[in-house]
Structures are given as structure tokens and as C-alpha cells.
Amino acid sequence: MEPTPAAPLTTTPTTCSSQSLFPNSSNSPPSPLPPPPVVSSPCAACKILRRRCADTCVLAPYFPPTEPAKFAIAHRVFGASNIIKFLQEIPEDQRSDAVSSMVYEASARIRDPVYGCAGAICHLQRQVDELQAQIAKAQAEVVNMQLQHANVGALLCMEMGQLQSSTQPNSQQSQSVFDDDTFVTSYRQPSFMEDDGDSNSNSLGSLWEPLWS
């Protein structure tokens, strides 16, 4: 039995396209690069104390790395262990005010080692007393000026009353003058002077006769 010849193999050329190599290159954008790892700098307290700053550091929220002098002042007067102990004993909502108070008191103690913040408080109290004295003086001057204005108003009222009272007699006097004029005009001659001319001449002749005789 003779072997049958094998059928010839036919190869079809295949074209390699960019879509077959990169199937998702045209449909989806390239994936973004991962963000670089963030290197957190230690807080100012841990940097000054030269220790590793943990995530649960009590001092980190109140002493940022940009304010190293803030912790340096408080650490110089109170010490790091006392600051940490004090912050752990109070609630979190009061820690910020406590840190500000410690920093202020430490700054005052550095400026004035004898009196500290008590000296600053006494100085401010002295200024308050001086300002209160100035306010009291200004209030007294205001009251004095009000009294002066009231006195001036009373004097003006008195002068106006005197002027009105002085004008009333003048008006009465002018009225009396007019009354006198009417009296003069209304004056009538006596009855003995109202006789006729003959009687008057006879009486005058009888009076002059002894003088001529």
C-alpha cells in the first residue's frame, strides 16, 4: 500500500497592526503617575529634642516646624516633660490656649526674671488706672461745661425779663403824656372870664380909675 502524499501547507500573511499590539491605546487615556511619597517633617519640639516625631505626638499640633522659637522659649522655662505632662492632663479643646499661655509666661519670665508675667500685669494695671483717672477728669470737665452753659442761659433769661420790664414803664409814661395833652386841650376857661367884652372893659376901667385921678 503506497503512502498518500501530504497536502501542501499554505501560509497566509498576517499584518500586525497597532491596535493588536496596544488594544486600549485609542480608547482610554494613559493612567496617571502615582503621587510621590510625602515626607512629613518633624514638629519643632521633636526637631529641637532630636527625636523621631510619631503620628501620635502630643506636641505636633501646637508646635509646627515653621515656629521653632515658640517651643524653644517654652522648653527653656518649663521643660519638655512638664509641657507634655500638662497637655495630657487637660482636654484637647483647651490645649491650644494652654500652650499660648505657657509661651507668653515663658517670654515674660525671660524678659523679667524677677517678676515675670506679674510685672507685665502690674504695668498694664497701672495704665488702666491712669486711663480711668483721665476719663473721670474728662467727665468732670463735661459736667462743669454743662453747668456753665446752664448759668449762661439763666442770665440771658434774666436780662430778657429786665428788658421787657423796662419797656413797660416807658409805654405807660408815653400814655400819660398823651392823657395830659388831652387834658390841656379839653381845659375850659373859668366862668368869670367867659363874660362879654363890655363887662370886662368896665371892670378893667374901674380898676384903672384911681390910678389916673
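Before moving on, here are some points about what is shown:
- Subset of segment 99-143 (residues that are part of a helix (DSSP H, G or I) and among the aromatic types (F, W, Y)): Y104
- Q164 being surrounded by fewer than 10 Cβ atoms within 10 Å (Cβ to Cβ) and either modelled with pLDDT of 55 or more or under 60 Å from the mean Cα position of the chain (by Cα) (or both): yes
- Hey, K47 among the charged types (D, E, K, R), assigned to a helix (DSSP H, G or I), surrounded by fewer than 17 Cβ atoms within 10 Å (Cβ to Cβ) and in contact (Cβ under 8 Å) with a residue 12 or more places away in the chain or not: yes
- Residues that are surrounded by 12 or more Cβ atoms within 10 Å (Cβ to Cβ) and among the charged types (D, E, K, R), drawn from segment 80-110: K85, R95, E105, R109
- Top-ranked residue of segment 120-147 - restricted to ones that are among the polar types (S, T, N, Q) and either open to solvent by 100 Å² or more (accessible area, probe 1.4 Å) or under 30 Å from I110 (Cβ atoms) (or both), ranked as modelled with the lowest pLDDT: Q146
The values are calculated or read from the model by the stated rules, or taken from the named source; none is laboratory data. Note that the structure is predicted; figures quoted are calculated from it, not measured. Cβ sites come from the backbone with ideal geometry, for glycine too, and all protein chains shown count toward neighbours. Note: accessible area is taken over every heavy atom of the protein model, side chains too, but ligands, DNA and RNA are not part of it. Shrake-Rupley method; radii C 1.70, N 1.55, O 1.52, S 1.80 Å.
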